[in-house]
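Report on the following structure.
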Amino acid sequence: MLPERGPALLEAPATFPAVARGVPSVHAVVLNYRTPTLTATAVERLQQSAFPQDDLRIWVVDNGSADGSVEFIRAAHPDVPVVAAPDNLGFAGGNNLALRRILAELPVGADRAATFVLLLNSDTEVEPHALPTLVDFMHRHPEAGVVGPKLVLPDGSLDLACRRGFPTPLRAFWKLTGMSKLFPNNPRFAGYNLTHLDENALTEVDSVVGACMLVRVAAIDQAGLLDEDFFMYGEDLDWSYRIKQHGWKVYYQPAALVHHVKGASSRRRPYRMIYEFYRAMWLFHRKHYAKQSPRLLNWVVLAGIVARWGIAVAVNTLRPAERIRAG
């Protein structure tokens, strides 16, 4: 854990390392699925950032919305390229459409260690100094492959997903059994959402959330793109896991503030999203832990995930549509 750096990081840095003329150092990707108004606002807030706009290129990917989103966003922001997917490719598939183009278009000789990709959900609003603070942090910490901001929900509370530990079998057990919620301040039980830590402390973590994460291109070169086996959840955990395997570190930087409505896109197909939430749990375990775990433990993990999925479906059938949630 790093010590809190103090109020100085709340200030936008005065200068940034020089980049090649006409070559932005930050490429932001905003993923849209039937949220055109929110997406247009997210882009607008990013354009109002204190970060130098000639050093920022914004992309929008429309994930097969088929609701006029593409036309709306292009009219609202004619200077922003919109990549239109023919179908809903999920979070990983949609973002990868832009990531492939960004990586391919970087000129030969570009400093890929000083070039970054910002993944941003359409239901986020970035505070003016958030992006400069994140970029400044990455320049000051060359060992960092990923950094994420403090995400705040509409009620002012912390979005717990913005700093996490990897869901090891034991952490998954505490979460699935509800022990992590019963004892949020106990490190033994709170290892997944890290609720025992000060939310205002700069911290090295296992993962941040794909709703807003700044990733070093050099780390992407080594770890690869997002895994498209994950549709809506877990791909950020998997990406962070693979990036850390290559020796990079992941940090939570609370001096950067981003507001998160959360779930704006997933509410369009809530029960599909509940399924994808729990499927992602199993995919992550199968990919990273199953080979090293006893077969009986793998069956227990799978049974627990399926049971929690069934409970989530049952509970959500009793909720009004606007309160249905995956996790």
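The values are calculated or read from the model by the stated rules, or taken from the named source; none is laboratory data. What you see is a predicted model, and the numbers here were worked out from it, not measured in a lab. Cβ sites come from the backbone with ideal geometry, for glycine too, and all protein chains shown count toward neighbours.
Of note:
- In the set ALA75, ALA66, only one residue is among the small types (Gly, Ala, Ser), modelled with pLDDT under 95 and in the same structural domain as VAL29 (by TED's automatic domain parsing); that residue is ALA66.
- Condition check for TYR192: in contact with a strand residue (DSSP E or B) (Cβ under 7 Å, 6 or more places away or on another chain), in contact (Cβ under 8 Å) with a residue 12 or more places away in the chain and not assigned by TED's automatic domain parsing to the domain that holds PRO149: yes
- Residue within segment 230-245 that is surrounded by fewer than 17 Cβ atoms within 10 Å (Cβ to Cβ), in the same structural domain as ALA113 (by TED's automatic domain parsing) and at pLDDT 90 or above present: yes
- Scan of segment 81-112 for residues that are in contact with a helix residue (DSSP H, G or I) (Cβ under 7 Å, 6 or more places away or on another chain) and free of Cβ contacts under 8 Å to residues at least 60 places away in the same chain, ordered by number: VAL82, VAL83, ALA84, ALA85
- Filter result (of a type in the set (A, V, I, L, M), surrounded by fewer than 23 Cβ atoms within 10 Å (Cβ to Cβ) and farther than 15 Å from VAL29 by Cβ) within segment 106-137: VAL108, ALA110, ALA113, ALA114
- From the options ALA84, ALA28, ALA42, residue that is buried (at least 23 other Cβ atoms within 10 Å of the Cβ) and in a strand (DSSP E or B): ALA28
- Hits in segment 47-80 (condition: in contact (Cβ under 8 Å) with a residue 24 or more places away in the chain, in a loop (DSSP other than H, G, I, E, B) and more than 25 Å from VAL135 (Cβ to Cβ)): GLY64, SER65, ASP67, GLY68
- Conditions (1) more than 16 Å from GLY234 (Cβ to Cβ); (2) touching a residue at least 40 places away in the same chain (Cβ under 8 Å): number failed by THR168: (1)
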